[in-house]
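Undergrad: Got a structure here, written out as structure tokens. Questions coming.
The values are calculated or read from the model by the stated rules, or taken from the named source; none is laboratory data. Since the model is a prediction, treat every value here as computed from it, not as a measurement. Cβ coordinates were reconstructed from backbone atoms using ideal geometry, including for glycine residues, and neighbour counts include every protein chain displayed. Accessible surface areas use protein heavy atoms only, side chains included; no ligands, DNA or RNA. Shrake-Rupley method; radii C 1.70, N 1.55, O 1.52, S 1.80 Å.
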Amino acid sequence: MSDWHSWAAIAVFVGTYALIISEKVHRVAAALGGAGLMLAIGATDDVSAFYSEDSGIDWNVIFLLLGMMVIVGVLKKTGLFEYLAIWSVKKAKAKPFRVMAMLIIITAAASALLDNVTTVLLIAPVTLLVCERLALPVAPFLIAEVLASNIGGTATLVGDPPNIIIASRAGLDFNDFIVHLAPLSALLTLVLIAMCRFLFRKSFRYDEDRAAEIMELEEKEAIRDPRLLIQGLSVLALVIVGFVLRPVLGFEPSVVALLGAGLLVAVSTVETGEVLAEVEWPTLAFFAGLFIMIGGLIDTGVIGEVSKALANAVGDKELGGSMLILGASGILSGVVDNIPYVATMAPITADLVHSMGGDSDHVMWWALAIGADLGGNATAIGASANVVALGIAERNGTPISFWQFTKYGLVVTAATLVISAAYIWLRYFALG
């Protein structure tokens, strides 16, 4: 690609990003328009956008979302989410902050076993019902859960897609991520709870009358279709097992999700049209447009040049290089999707580790994983879970603006990256 294509691709991406931030144009329209311009100026082409494995639309993400949205759509009809909402509120004694803390812990733990997008799809309906019951604002609770999902997903190999890419390139296994990143993830979850007590303090309004009403409810009565519930939970359990056993089975998460969705629709009596109506189609369209735009930056060499510049700045300095990769990954993953960023940065990191004579579990890999995973919290479109949560909120009449999310995300990202830098220094250099 020529320099002209590179600068044109940057201009399209920046212009589209500005429109998304300004919210003067709907983010779906902006993303699809930006994708069209990338194709029109030749920054990418139809083959790269739709068929290539290296760039363009990540169909694994799209179909993972589609499959899980179908499963969640069926589970909604059983009354399961109403049951969980009542149960969680009663366990927290209807105290708003306790409810948020409980949902944060559940989300972070689930995101370590599932991918963070799937977790948000499952937890968000419960959150909406909890907030409705207690007359609480939805945005703080959804934002807190998204932040928790990205932090929790850092803990394991399957928790966040960038971790899978890193594991494949570095030859790491599930236990490596548990040993190196799970302690940090647990610590940051506790830090997030403490920060949310301060960040969302004005949202914790306790309504005694509503609290008394919900404490008197019997959660079992919320279940409307026990047979469908058993079918739905059985399929969901199979899907989760499929996610966890991915290294053994060899199936991509998208394949597992689609198989589960197809099986559930086939064995249940739910109308296919009703289930498909629950799918967040605008969210899927937004992802498609965003992926094409990022593919344009990859095809024109923009992201590659950024990654090479970062590698050149690192040199052979392990401590300084680790901190630079951590910080740069955190910043860049808040702007571009962390999946293509890590895919581009992984081979460069491998060369750095090799030149330093490092092992497969070298600190550089953990700095890349931590920065990319936590950096997704920085902006409303920094990670897939963020976009999904905003789509759910908008669909339910409680939209969350770009800046409403980002003003909290930036604070949490900065704090968690600083703590992560201290963790890396202490574990791999001071005590290593």
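Undergrad: Restricting attention to region 195-218, does a residue exist that is modelled with pLDDT of 85 or more and within 27 Å of residue 66 (Cβ to Cβ)?
TA: no
Undergrad: Among 142, 136, which is at pLDDT 85 or above and crowded, with 23+ Cβ neighbours inside 10 Å?
TA: Just a single option satisfies the conditions, and that option is 142.
Undergrad: Looking only at residues in region 53-76 that are surrounded by 18 or more Cβ atoms within 10 Å (Cβ to Cβ) and not in a helix (DSSP H, G or I), which one is modelled with the lowest pLDDT?
TA: That would be 55.
Undergrad: Next up: Going through 353, 363 one at a time, which residue ends up being of a type outside the set (Ser, Thr, Tyr), in contact with a His (Cβ under 8 Å, 6 or more places away or on another chain) and either within 18 Å of residue 169 (Cβ to Cβ) or free of Cβ contacts under 8 Å to residues at least 12 places away in the same chain (or both)?
TA: Values: 363 fails: in contact with a His (Cβ under 8 Å, 6 or more places away or on another chain).
Result of the check over 353, 363: 353.
Undergrad: Right, here's the next one. Which of the numbered conditions does residue 417 fail, given that it passes all the others? Conditions: (1) over 22 Å from residue 287 (Cβ atoms); (2) without any contact (Cβ under 8 Å) to a residue 12 or more places away in the chain.
TA: Checking residue 417 against (1) over 22 Å from residue 287 (Cβ atoms); (2) without any contact (Cβ under 8 Å) to a residue 12 or more places away in the chain, the one that fails is (2).
Undergrad: Residue 281 passes all but one of (1) in contact with a Ser or Thr (Cβ under 7 Å, 6 or more places away or on another chain); (2) closer than 18 Å to residue 61 by Cα; (3) free of Cβ contacts under 8 Å to residues at least 60 places away in the same chain; which number fails?
TA: (1)
Undergrad: Now for a different question. May I ask you to say which residue of 128, 136 is more than 13 Å from the chain's Cα centre (by Cα) and not in a helix (DSSP H, G or I)? It would help to see each step written out before you state the result.
TA: Details: 128 fails: not in a helix (DSSP H, G or I).
Matching residue, one of 128, 136: 136.
Undergrad: Next question. Output the qualifying pairs, or none if there are none: Cβ atoms under 8 angstrom, residues six or more apart or on different chains, first residue in region 288-308 and closer than 24 Å to residue 28 by Cβ and free of Cβ contacts under 8 Å to residues at least 60 places away in the same chain, second residue among the hydroxyl-bearing types (Ser, Thr, Tyr) and not in a loop (DSSP other than H, G, I, E, B).
TA: Matching pairs, first to second residue: 303/341; 303/344.
Matching residues to (1) within 22 Å of residue 381 (Cα to Cα); (2) assigned to a loop (DSSP other than H, G, I, E, B); (3) open to solvent by 40 Å² or more (accessible area, probe 1.4 Å); (4) not charged (D, E, K, R):
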residue: 6; (1), (2), (3), (4): no, no, no, yes
residue: 13; (1), (2), (3), (4): yes, no, no, yes
residue: 30; (1), (2), (3), (4): yes, no, no, yes
residue: 42; (1), (2), (3), (4): no, yes, no, yes
residue: 93; (1), (2), (3), (4): no, yes, yes, no
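Undergrad: Count, please, the residues in region 306-328 that happen to be part of a helix (DSSP H, G or I) and open to solvent by 50 Å² or more (accessible area, probe 1.4 Å).
TA: Counting residues in region 306-328 that are part of a helix (DSSP H, G or I) and open to solvent by 50 Å² or more (accessible area, probe 1.4 Å) gives 9.
Undergrad: Within region 329-343, track down each residue that is open to solvent by 30 Å² or more (accessible area, probe 1.4 Å) and either β-branched (Val, Ile, Thr) or at pLDDT below 75 (or both).
TA: Correct list: 331, 335, 343.
Undergrad: Which residues, taken from region 198-233, are touching a helix residue (DSSP H, G or I) at 6+ places or on another chain (Cβ under 9 Å), closer than 16 Å to residue 72 by Cα and part of a helix (DSSP H, G or I)?
TA: 228, 229, 231, 232, 233, listed by residue number.
Undergrad: Oh, and also: Hey, does region 147-154 have a residue that's in a helix (DSSP H, G or I), open to solvent by 60 Å² or more (accessible area, probe 1.4 Å) and at negative phi?
TA: No, every residue in region 147-154 fails to be in a helix (DSSP H, G or I), open to solvent by 60 Å² or more (accessible area, probe 1.4 Å) and at negative phi.
Undergrad: Identify, from the list 408, 423, the residue that is closer than 14 Å to residue 145 by Cα and of a type in the set (Phe, Trp, Tyr).
TA: Going through 408, 423 in turn, just one is closer than 14 Å to residue 145 by Cα and of a type in the set (Phe, Trp, Tyr): 408.
Undergrad: Are there any pairs with C-beta distances below 7 angstrom linking a residue in region 200-217 that is farther than 30 Å from residue 406 by Cβ to a residue that is β-branched (Val, Ile, Thr) and surrounded by 13 or more Cβ atoms within 10 Å (Cβ to Cβ), with the two at least 6 apart or on different chains, and if so which?
TA: 214/86; 214/89; 217/86
Undergrad: Out of 409, 375, which single residue is under 19 Å from residue 192 (Cβ atoms), free of Cβ contacts under 8 Å to residues at least 60 places away in the same chain and either open to solvent by less than 20 Å² (accessible area, probe 1.4 Å) or not basic (Lys, Arg) (or both)?
TA: Details: 409 fails: free of Cβ contacts under 8 Å to residues at least 60 places away in the same chain.
Being under 19 Å from residue 192 (Cβ atoms), free of Cβ contacts under 8 Å to residues at least 60 places away in the same chain and either open to solvent by less than 20 Å² (accessible area, probe 1.4 Å) or not basic (Lys, Arg) (or both) holds for just one of 409, 375, which is 375.
Undergrad: Still on this structure: Taking the residues in region 155-184 that are assigned to a helix (DSSP H, G or I) and among the polar types (S, T, N, Q) as candidates, determine which candidate is least open to solvent (accessible area, probe 1.4 Å). Show your work before the answer.
TA: First pass over region 155-184, keeping only residues assigned to a helix (DSSP H, G or I): 155, 161-170, 174-184.
Next, from what is left, pick out any that are among the polar types (S, T, N, Q): 163, 168, 175.
Values: 163: 0, 168: 98, 175: 101 Å².
Filtering region 155-184 for residues that are assigned to a helix (DSSP H, G or I) and among the polar types (S, T, N, Q), the one least open to solvent (accessible area, probe 1.4 Å) comes out as 163.
Undergrad: For a quick check of your reading of the model, give me the residue pairs whose first member lies in region 318-337 and is among the acidic types (Asp, Glu), whose second is surrounded by fewer than 19 Cβ atoms within 10 Å (Cβ to Cβ), with beta-carbon atoms closer than 7 Å and at least 6 apart or on different chains.
TA: Pairs found: 318/356.
Undergrad: Sticking with this structure for a sec: How many residues does region 239-283 contain that are farther than 27 Å from residue 160 by Cβ and surrounded by 16 or more Cβ atoms within 10 Å (Cβ to Cβ)?
TA: Within region 239-283, residues that are farther than 27 Å from residue 160 by Cβ and surrounded by 16 or more Cβ atoms within 10 Å (Cβ to Cβ) number 4.
Undergrad: I would also like to ask the following. What do you reckon, is residue 147 modelled with pLDDT of 95 or more and touching a Ser or Thr at 6+ places or on another chain (Cβ under 6 Å)?
TA: Spelling it out, it is not the case that residue 147 is modelled with pLDDT of 95 or more and touching a Ser or Thr at 6+ places or on another chain (Cβ under 6 Å).
Undergrad: A follow-up question, please. When the residues of region 270-305 are narrowed to those that are charged (D, E, K, R) and either under 25 Å from residue 370 (Cα atoms) or not in a helix (DSSP H, G or I) (or both), which ends up farthest from the chain's Cα centre (by Cα)?
TA: 271
Undergrad: Still on this structure: Which of the numbered conditions does residue 25 fail, given that it passes all the others? Conditions: (1) surrounded by fewer than 19 Cβ atoms within 10 Å (Cβ to Cβ); (2) assigned to a helix (DSSP H, G or I); (3) touching a helix residue (DSSP H, G or I) at 6+ places or on another chain (Cβ under 7 Å).
TA: Every listed condition holds for residue 25 apart from (2).
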